[in-house]
Amino acid sequence: MPRYLICAVGAGLYGLEARLVKEVVRMSRVTPIAETPPDVRGVVDYRGELVVVLDPSTRLGADLSARAVDALLVVLEDVPDRVALVVDAVRGLNDGAPRPAPNAAEVPPFVRGHIDDDGDLVTVLDVDQLIRPEVRDLMASTLEAQPDAQPG
C-alpha cells in the first residue's frame, strides 16, 4: 500500500506519494522566470542543481490569505524530472488507501481520491497530472540549460 506525505496548502490537506519525495526543505529564495504559467514560481538552486518551483495553490484553488510565512519546499523526483512544490506545512505520513470521490465526473484528473488522516479529509494528488504540459516543457528546457544536467 502506498504511503502519502500529508501537506497543507492554504486551508486544504493534500497527500503526495511518499516514494516521490526526495526531501522537505525550508523555502529558499526563488528566482522568477519571465513569461511562465501562474503556477511556476521560478527556480531554486537545490544542492547545485536548478529545480523548478511550482505553487500548487493555483491549480488547487487554495486561499493564499493564510499562506504560511515559513513555507516549505517538497522536493520531488522522477515526475519525470526533479521539481519542488510550495506547501504551507507538512503534517506527516499516512498509509491509507485512497477512496474515490463521490462524483468522479467532476473531479480534476490530478485528484486520485481521498484518505482520512486523524479525522481530517485529505485529497490525494497525482503529481504527474498536477504538472501541466507547458510546465513540463519549461522543466525540460531548464534542465537542458544546466551545464552538467543529469536527469532526475
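Read-outs throughout are calculated quantities, based only on the coordinates presented, and are distinct from any laboratory measurement. Only a predicted model underlies this, so the values are computations on that prediction, with no experimental measurement involved. Cβ atoms come from the backbone with ideal geometry, glycine included; neighbour counts cover every protein chain shown.
What to note about this one:
- Whole-Hz couplings from phi, Karplus 6.51/-1.76/1.60, listed for the range 46-53; x for Gly and Pro: 10, 6, x, 10, 6, 10, 6, 9
- Projecting the Cα atoms of 53, 71, 40 onto the charge dipole of the chain, computed from C-beta unit charges around the Cα centre, puts 71 farthest toward the positive end.
- Cα-centred dipole magnitude for the chain, charges only on beta-carbon of K, R (+1) and D, E (-1), debye, nearest 20: 160 debye
- Residue 107-residue 18 FRET efficiency (beta carbon distance; Förster radius 25 Å; 0.05 resolution): 0.70
- Across the range 71-76, coupling constants 3J(HN,Hα) worked out from phi with the 6.51/-1.76/1.60 Karplus curve, θ = phi - 60°, read 4, 10, 10, 9, 7, 10 Hz, and Gly and Pro carry x.
- Neighbour-count order for 122, 79, fewest beta carbons within 10 angstrom listed first: 79, 122
- Across the range 36-43, computed HN-Hα scalar couplings (Karplus, 6.51 cos²θ - 1.76 cosθ + 1.60, θ = phi - 60°) run 10, x, x, 7, 8, 7, x, 10 Hz from first to last residue, x flagging Gly and Pro.
- Close amide-amide hydrogen proximity is noted between residue 41 and 53, 54, 55, each under 5 Å apart and 5 or more residues distant or on a separate chain (H modeled in the peptide plane; Pro and chain starts excluded).
- Under-5 Å amide H pairs with residue 46, H placed in peptide plane, nonlocal only: 51
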